[in-house]
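Here is the structure we will look at, set down as structure tokens.
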Amino acid sequence: MTKPGCSTNNTNNDNRDLPPGSLNVLQLSDPHLFADPEGRLLGMRTLVSLQHVIAHINENLPSIDLALVTGDLVHDASPAGYTLLKKQLSNLNTSTYCLPGNHDNSKILNASISGNPINSPFSIQKNGWSIILLDSNLPGSTKGHLDNIQLTRLQACLSDHPDHHTLICLHHHTVPVKSRWLDTIMLNNADDFFAITDCHPQIKGITCGHIHQSFEAKRNNVLLMGAPSTCFQFAPKSTDFEIDNKSPGYRQLTLLPDGSIITNIFHLNNFTYSIDRSSSGY
């Protein structure tokens, strides 16, 4: 059902009553906060857009079991920016788990946000599901990379929980999204990643940030997803850097006990903002 003040896209229009044990998960991505609360990116105050998104979630999705924030958390990677992020995420009133993107500093992130209910773990086990959070940050690059530590831990977690349905989260997209400029900065060792994941049938979904837009595809019956940003969106299938007209948004996922996933995209309808559309990047 579409709620006031938002628009939705459903990948599954099944309106059945959800079975006991279903896990209601929120995915936020790419808030791009700054140490300065007045900080702007392409003219948009990213703190204000995140605040509007969180207010909308609290009004329309009150029963979130946990939240995932999939990278590019703080654009200037500053300790003060992560402190500001932690304060905003505490308004979700649920356990919240963060992973870094290419604009983040993993060490500063972990040092700044550790502490329940906001944390940056490697994996979560809940209601028969494993949720794995990978660090695809490649310092000094906008491309993503999973180093041997991340790949080894991924393999170990999958082997340790073979009977858990699994959702994998990372910042960078693992398959092309048919946007030329974005696909030059995707995960640069996706073959190494898929060499592991293709061998584990318990994996049901892989979700990312980075692309600032909704994206869905399938690989070997695994649902591949991308989330909109809580600030501005990139134009889909664009050749060069281009901003879309869509407003701030987020993804909601329901993880069912049988391993299936119901997911929805929300964009704010009543959010007014100005943005520099002449920019060739940020």
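We did not get these values from a lab; they are worked out from the coordinates using the rules stated. Because the structure is predicted, anything quoted here is derived from the model rather than measured. So basically every Cβ, Gly included, is an ideal-geometry build from the backbone, and we count neighbours across all protein chains shown.
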- [ ] Sticking with the crude label model, points 7 Å out along Cα→Cβ, report the distance from Ser159 to Glu38 in nm, one decimal please.
- [x] 5.4 nm
Task: Inter-site label distance for Thr272 and Thr83 at 7 Å from Cα along Cβ, in nm - done: 3.4 nm
TODO: Please sort 49-58, 121-130, 156-165 by packing, taking for each peptide the average over its residues of neighbouring beta carbons within 10 angstrom, highest first.
DONE: 49-58, 121-130, 156-165
Task: Rounded to whole Hz, the Karplus (6.51, -1.76, 1.60) HN-Hα couplings of segment 122-135, x for glycine and proline - done: 8, 8, 10, 10, 7, 6, x, 10, 9, 10, 10, 10, 9, 9
Task: Exceeding the 29 Å Cα-Cα cut-off - candidates Lys87/Lys178; Lys87/Lys107; Lys143/Lys237; Lys107/Lys218; Lys126/Lys237; Lys86/Lys246 - done: Lys87/Lys178; Lys107/Lys218; Lys126/Lys237
Task: Estimated FRET transfer efficiency when R0 is 35 angstrom, pair Asn220-Ser106 (beta carbons, to 0.05) - done: 0.75
Task: Distance between modelled label sites at Val48 and Asn91, nm, 7 Å Cα→Cβ extension - done: 1.3 nm
Task: Student exercise, the chain dipole from Lys, Arg, Asp, Glu Cβ charges, in Debye to nearest 20 - done: 320 debye
Task: Spatial separation of Cα centroids for segment 77-119 and segment 200-223, in angstrom - done: 24 Å
- [ ] Take the alpha-carbon centre of segment 235-269, take the same for segment 134-179, and report the distance between them in whole Å.
- [x] 20 Å
Open item on the list: Given the options Ser279, Leu256, Asn189, identify the residue whose Cα lies farthest towards the positive end of the charge dipole of the chain (+1 on Cβ of Lys, Arg; -1 on Cβ of Asp, Glu).
Closed with: Ser279
- [ ] List the DSSP H helices in the chain whose Cα atoms stretch 24 Å or more along the helix axis and whose mean Kyte-Doolittle hydropathy is at least -0.5.
- [x] none
